[in-house]
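Some notes on the structure that comes next.
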Amino acid sequence: MFAMKGGREASGAVSGFRVRGMTDGDPARIVDFRAVVKWPADPGAFDLLRGMRDVRWAVAESPEGVICGMVGAVPFVGGVGILCHLAVRREYRNIGLGASLTAWAVAYLRSRGTKLVRLYTTPEAENVYRSVGFEPGEFRTVYRLEKPGERASPKFGGHRVETLCFGDLPEMHGLDRWSYGADRGGLILSILRLHPGRGLVARDSSGRMKGYLVRSHSSGEIRIGPFMASDEKVAETLLSRAIEGGDAPIRIVVPGEDGPAHELIRDFGFAGKRDRLRMEMGEIPEPGGLEEYATTAYLAT
Ligand SMILES: CC(C)(COP(=O)(O)OP(=O)(O)OC[C@H]1O[C@@H](n2cnc3c(N)ncnc32)[C@H](O)[C@@H]1OP(=O)(O)O)[C@@H](O)C(=O)NCCC(=O)NCCS
């Protein structure tokens, strides 16, 4: 299932250093670690994941007991796992800790039944991931709309858009799992709990769910994602409802650089910037269901 190049072990690859699962005493030291490492990912994502079941963190510890690196691993039921928050303190780089932490996360995800490990890499980490066996995919695009303004919701075919409520969640989870290829319901719930905004669902005239998006507030901006829809009309209706009436900037992260989702979002006046490169290892799922218009806002799933 996985081809791990280089024969690295999941722990203890660098002489004298230990790569081990995070323990209860570590979080206070992680605060210090986060202060000295230029944090490569959204700190909001770290807090979001801390409370989730099955998410695991590993740290690299020096022979003197300094926490000098860390990584996160997020397995979703259904076979997709996310590797995130890899970072090594500057003075401990280039001795193999980044690759050892990556190998630890991959081994943990495999042990939870992950068939595909996915991540979005910074340019400096790309070779580290390649050395462990990850293959490059496409870049993602970060879109931002500074001044949302109004845009009338298009009217069509008896669809309706409503605020996401508790009763919608089981149906949304089922549809999301089918459309994404794995169950990220726990992550979506965590976003709704920690960064309340307004989720939206679109239904057709028979009441069937045709799309949804999660809208959340964080650091003075509104983030949209995940955002899934059966077609462009549904997506357009959802997006126009999601941006109406707000004056905070809006951020959406979309996989790839071109295609219907990008055209739609640019058409709303969003400005896009090429961001990180997707890298994957393992069997890529072939989901059905809805089309993806944006990734999860805090963890690029
Ligand atoms: C990316 C990052 C985690 C890499 O950590 P690291 O511990 O330096 O990684 P490694 O030591 O395993 O590999 C780094 C390089 O050192 C080389 N190296 C590893 N062991 C070595 C050794 N014993 N002797 C010489 N070179 C060695 C590797 O081949 C690699 O070289 P390459 O990048 O040219 O391929 C680190 O640079 C970092 O924290 N960056 C900022 C945060 C970030 O970008 N995180 C990634 C988020 S996706």
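Only the coordinates and a few stated rules stand behind these numbers; no lab work does. Predicted, not measured: the structure shown is a model, and the values here were computed from it. Positions of Cβ are backbone-derived with ideal geometry, glycine not excepted, and every protein chain shown enters the neighbour counts.
Descriptive notes on the structure:
- By the helix-only formula, in which each DSSP H run with n ≥ 4 contributes -39500 (n - 2.57) and the sum is divided by residues, the chain has a 222 nm mean residue ellipticity of -8000 deg cm²/dmol.
- With the simple spin-label model, which puts each label point 7 Å out from Cα in the Cβ direction, the R193 to A248 separation comes to 2.0 nm.
- Estimated at 0.36 nm per residue, the fully extended path between V36 and F139 surpasses their Cα-Cα distance by 34.3 nm.
- Nearest-0.05 FRET efficiency for E280 and R160, computed from C-beta distance (R0 41 Å): 0.65
- Note that segment 64-72 has calculated 3J(HN,Hα) couplings of 8, x, 7, 6, 10, x, 7, 7, x Hz, one per residue in order, obtained from phi through the Karplus relation 6.51 cos²θ - 1.76 cosθ + 1.60 (θ = phi - 60°); glycine and proline are x.
- Convex hull volume of segment 142-294 per residue (C-alpha atoms, cubic angstrom): 118 Å³
- Dmax and Rg, reported as Rg then Dmax, of the chain (C-alpha, Å): 19.8, 66
- 0 to 90° range, to nearest 10: angle between helix 97-111 axis and the chain longest Cα axis: 60 degrees
- Proximal charge balance of G174 [Cβ under 15 Å; K/R count +1, D/E count -1]: +1
- Once the Cα atoms are used to define both axes, helix 169-180 deviates from the longest principal axis of the chain by about 70 degrees.
- The packing ranking of peptides 28-35, 65-72, highest mean first, is 65-72, 28-35, where packing means the average number of other beta carbon atoms within 10 angstrom of each residue.
- In plain terms, the chain from S205 to E221 could stretch by 2.4 nm, reckoned as 0.36 nm per residue minus the Cα-Cα distance.
- Tail beyond 17 Å, pair distance distribution of segment 225-289 (Cα, percent): 50 percent
- Sorting 245-256, 114-125 by their mean Cβ neighbour count within 10 Å, with the most densely packed peptide first, gives 114-125, 245-256.
- Translational diffusion of segment 5-133, µm² s⁻¹ [Kirkwood Rh, Cα pairs; Stokes-Einstein; 4 °C; 1.567 mPa s]: 89 µm²/s
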